[in-house]
Every structure is written in structure tokens, then in C-alpha cells.
1. Is there a residue in the stretch 72-91 that is closer than 24 Å to residue 223 by Cα and either aliphatic (A, V, I, L, M) or at pLDDT below 90 (or both)?
2. Kindly provide the set of residues from the stretch 59-92 that are surrounded by fewer than 18 Cβ atoms within 10 Å (Cβ to Cβ) and assigned to a helix (DSSP H, G or I), ordered by number.
3. Kindly check whether there is at least one residue in the stretch 166-175 that is more than 18 Å from residue 110 (Cβ to Cβ) and either in a helix (DSSP H, G or I) or open to solvent by less than 50 Å² (accessible area, probe 1.4 Å) (or both).
4. How many residues does the stretch 176-211 hold that are farther than 30 Å from residue 111 by Cα and part of a helix (DSSP H, G or I)?
5. Based on what the data block shows, is residue 124 open to solvent by less than 30 Å² (accessible area, probe 1.4 Å), of a type outside the set (Phe, Trp, Tyr) and over 20 Å from residue 18 (Cα atoms)?
6. When only residues in the stretch 193-213 that are of a type in the set (Phe, Trp, Tyr) and touching a residue at least 12 places away in the same chain (Cβ under 8 Å) count, which is surrounded by the fewest Cβ atoms within 10 Å (Cβ to Cβ)?
7. Might you check whether a residue that is β-branched (Val, Ile, Thr), under 22 Å from residue 70 (Cβ atoms) and over 20 Å from the mean Cα position of the chain (by Cα) occurs anywhere in the stretch 218-225?
8. Search the stretch 33-53 for residues being of a type in the set (A, V, I, L, M, F, W, C), part of a helix (DSSP H, G or I) and in contact (Cβ under 8 Å) with a residue 40 or more places away in the chain, and hand back the single one that is most open to solvent (accessible area, probe 1.4 Å).
Amino acid sequence: DDIAASQAGVYARAWRLFDAGNNISYLFSVILLPLFAAIIKEKEDLQGLVKQSFSIMLSMTCIIAVLCIFYSHNFMEIMYPEQNNEEASTILKILMGSFVSISVTYIFGTLLTANGNLKYLNIVAACGVVINISLNFLFIPHFKAVGAAFTSLSVQFITCVIQFLIAKKVFNLRLGGGFWIRLFIFLAAISAITYLSTTLTLNWWASFGIAAGACVIIAFVTKMLDYKEIKDLLLSSMQNLKK
């Protein structure tokens, strides 16, 4: 009857996949830090690199998030076959929204760090802590682990938007209307194709593989991912490592 321990266990099941994905985004931000710092130091134009990295991060994390949302129950069944995973799969869906948000903060948080804007980041972090604690006190007693997941989603989304707006103002970033239109089309397309894959009369692994491959193709078709941009980013990273 220990509800707290039980709910913490349910949350931890979903958190494992969230944490694994978060490591990928974090490693990407580690690559970006010296690139941002070098460009800021040389007073070169940041627009291209920020747009490239933002587009790559969004594409990568949105594909992972959408796949995990539609196949959440399957993942939970593989990891915990002897458990009732309905609640854990619901939490995983919510945490995948947090995953996208926190991955975006790695882009703009890293950019602000490279520029030395730690005051802004500390203020945002402090606000995030206050909101987190407040919402947990409000949601957990009523919704338990699902409430904690909603709190995570809310806080990460708010801090993500604030950091984006700060970076946009500090660096006068202009992504352009075309970028947001491509992003909307990309999200709608990968959501639709992943949903359709779940209706196929195939083994779920096969359906998942088809959906994953189709999502990557859609990312290139919508220009959210561009081979040349990825190549340029990798080359820039290697050059900075050599320095």
C-alpha cells in the first residue's frame, strides 16, 4: 500500500527511455559548445550554424519522440513484461514531449553559455525550480506519477521557450517563416505515417522499422535534414577538435 514507492517505480520505468534519449541530445550540445564559442570569438555570423543545429536537433528528437509515443506500450512490454504497463506507457508519452523541449534548451542554453550569458540562464533555471516545485505540489497528490510527468513537460516547455526568446533577442536570430512551415509539415507527416504504421498487420518491430525509415526520409524531403549541412557541421566539429 506504499503509494509513493509504487508511483516512483512506475515513473522510473518510463524515465529510463527518456534518460537514454537525453544523453544523445546532451552529447550533441557538447559538440556545439566549442563551435559557438569559436564563431562568437571571431565575431562571425551565427545564423547558419544555429539554424542547422536547431533543425538537426528538432528532427532527431521529434522522430524519436513520435516513435516512442505511438509505440510506448510495446517498449514498456519488452522492458517490463511482467508488469501492468498502462500507466508507465502514458508517462512515457508525456516525457517524450519533455525530451523534445529539453533537447532544444541544449541548443540555446549552449549558445548563451558560449556567449557568457550565465545570468540569464541562472534566472531561467531558478524560475524553473520554483514552477517545478509548485506544480508538483499541485499535481502529484491528484494525478500521482502522471502529474509529475505533466510537471516535467510544463517546466521544460516553458524554459525552452524562454531560452529561445532570450537567444533570439541577444543574437538577433531570424529563422524565417519557411522554417516554421517546414517544421509543421514535418511534424504532421511523421505523426501520420507513424500512426498508420501501427495499423499494419505486421510484427510491431517491422512496423516500427518502416515508420522509423519513413520518418528519416520525410526529414530529408522536407529539408529539416540536409546532407550538406550535416556534413559541414561534422567537418567544423573536427576542425575545432584539431585546434
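1. Within the stretch 72-91, none of the residues are closer than 24 Å to residue 223 by Cα and either aliphatic (A, V, I, L, M) or at pLDDT below 90 (or both).
2. 73, 74, 77, 78, 79, 86
3. No, every residue in the stretch 166-175 fails to be more than 18 Å from residue 110 (Cβ to Cβ) and either in a helix (DSSP H, G or I) or open to solvent by less than 50 Å² (accessible area, probe 1.4 Å) (or both).
4. Of the residues in that region, 15 qualify.
5. For residue 124, the condition - open to solvent by less than 30 Å² (accessible area, probe 1.4 Å), of a type outside the set (Phe, Trp, Tyr) and over 20 Å from residue 18 (Cα atoms) - is met.
6. My answer is 195.
7. yes
8. 33
The values are calculated or read from the model by the stated rules, or taken from the named source; none is laboratory data. The structure presented is a predicted model; accordingly, all values stated were derived computationally and were not measured. Using ideal geometry, Cβ is built from the backbone for each residue, glycine included, and neighbour counts are taken over all protein chains shown. With ligands, DNA and RNA removed, areas are computed over all heavy atoms of the protein, side chains included. Shrake-Rupley method; radii C 1.70, N 1.55, O 1.52, S 1.80 Å.
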